[in-house]
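The values are calculated or read from the model by the stated rules, or taken from the named source; none is laboratory data. Everything quoted here is computed from the prediction, not taken from an experiment. Note: ideal-geometry Cβ built from the backbone for every residue, glycine included; neighbour counts use all protein chains shown.
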Amino acid sequence: MMHYTLRPTRSLSCVAGTQNISRAAEALAMSQSAVSGSLSDLESHFDILLFDRVGKRIQLNEFGRALRPRAQALLEQAQDLENALRNHTDIGRLQIGATLTIGNYLAVELMARFMREQPGAQVSLEVANTQEIVNKVVNFELDIALVEGELTHPELEITPWHEDELMVFCSPEHALATKGELTDADLLEATWIVREIGSGTRQTFERAMHGLLPKLNIMLELQHTEAIKRAVEAGLGIGCISRVALLDAFRRGSLVPLSVPHRDFRRYFYFIVHRHKYRSAGIQRWKELCIVDFPHFE
């Protein structure tokens with residue numbers, strides 16, 4: 001009789017993530033034959049198939065996809081127990097994701113505070129646009145993420161975190177800089193420099209510009225907010241990004257806000273975590289720290 005251990009579960013989780021036996025073997029510090037054997041023993045013992053094997057490719061089948069979140073949660077609970085046994089104040093490893101605005105202007109400071117509070121923690125931060133971060137959370141490559149895009153996903157728990165708004169802005173020398181309030185005609189006549197499709201900022205911008213979007217003169221689509229600010233400072237057009245990315249430039253006078261009161265640029269930032277993700281002490285403490293610093297949804 002086979003006694004179930006965590007070894008086949010680790011193999012299952014790693015191969016599911018990499019979809020490649022050799023890469024999984026390298027990550028697990030095992031031989032390819034050991035990883036393959038571990039999976040084969042698991043399938044044989046329980047008379048199941050977890051993977052579709054096509055040539056050298058291997059990917060989870062429907063049954064394997066259904067089991068993967070439970071396997072991942074089991075491994076994380078085991079890791080949390082090990083951390084608790086070693087040192088009950090040890091948070092362990094935490095992989096955080098953030099979309100570009102949050103990552104560049106909020107998350108780094110939050111992470112620094114977290115690490116000062118939890119000196120034994122191993123924390124990493126990955127910054128990308130909303131779609132990339134969502135994919136990594138769904139695939140268990142990130143433990144928790146902060147995103148700025150409105151989204152729904154059956155595998156994600158999505159919790160509001162912080163209120164935000166986009167602001168339209170230009171250089172002090174731009175023709176619109178001294179105008180009190182912009183009309184729709186002004187918005188249509190302007191040349192725009194905006195975020196790329198797939199970003200949360202672009203999603204909010206398009207929602208706010210409903211009815212005008214097909215007629216807008218979008219000259220540049222850039223992935224980074226700093227690049228948009230530099231282009232607008234150079235007089236190439238007007239922009240629209242999060243206010244948190246603009247406050248310093250407004251104080252310096254290198255950029256000026258433009259009032260568009262009839263358009264709604266409000267949005268939220270969100271926590272996202274996989275519904276089946278084990279809520280480790282690190283995840284719980286990270287959320288608590290974020291809420292203390294930005295207590296809008298306490």
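Among R275, R285, which is touching a Phe, Trp or Tyr at 6+ places or on another chain (Cβ under 9 Å), surrounded by fewer than 18 Cβ atoms within 10 Å (Cβ to Cβ) and either in contact (Cβ under 8 Å) with a residue 24 or more places away in the chain or under 18 Å from R195 (Cα atoms) (or both)? Walk me through how you get there before you give the answer.
Numbers: R275 fails: touching a Phe, Trp or Tyr at 6+ places or on another chain (Cβ under 9 Å).
Result of the check over R275, R285: R285.
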Out of curiosity, is Q72 in contact with a strand residue (DSSP E or B) (Cβ under 6 Å, 6 or more places away or on another chain), at pLDDT below 80, surrounded by 13 or more Cβ atoms within 10 Å (Cβ to Cβ) and not assigned by TED's automatic domain parsing to the domain that holds E196? no
Go through (1) of a type in the set (G, A, S); (2) in contact with a strand residue (DSSP E or B) (Cβ under 9 Å, 6 or more places away or on another chain); (3) in a helix (DSSP H, G or I); (4) at pLDDT 80 or above and name the single condition G64 misses. (4)
Considering residues that are buried (at least 24 other Cβ atoms within 10 Å of the Cβ) and basic (K, R), the number found within the range 126-151 is 0
For residues in the range 143-157 being under 29 Å from H262 (Cα atoms) and of a type outside the set (D, E), which is modelled with the lowest pLDDT? G149
I'm trying to understand the selection: among the residues of the range 114-155, which are farther than 20 Å from G200 by Cβ, among the aliphatic types (A, V, I, L, M) and not in a strand (DSSP E or B)? M115, A121
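Determine whether the range 77-99 contains at least one residue that is part of a helix (DSSP H, G or I), modelled with pLDDT of 75 or more and either over 27 Å from A24 (Cα atoms) or not small (G, A, S) (or both).
Let us first name the residues in the range 77-99 that are part of a helix (DSSP H, G or I), namely 77-86.
Among the residues that remain, those that are also modelled with pLDDT of 75 or more are: none.
Within the range 77-99, none of the residues are part of a helix (DSSP H, G or I), modelled with pLDDT of 75 or more and either over 27 Å from A24 (Cα atoms) or not small (G, A, S) (or both).
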For S280, state whether it is farther than 22 Å from L146 by Cβ and small (G, A, S). no
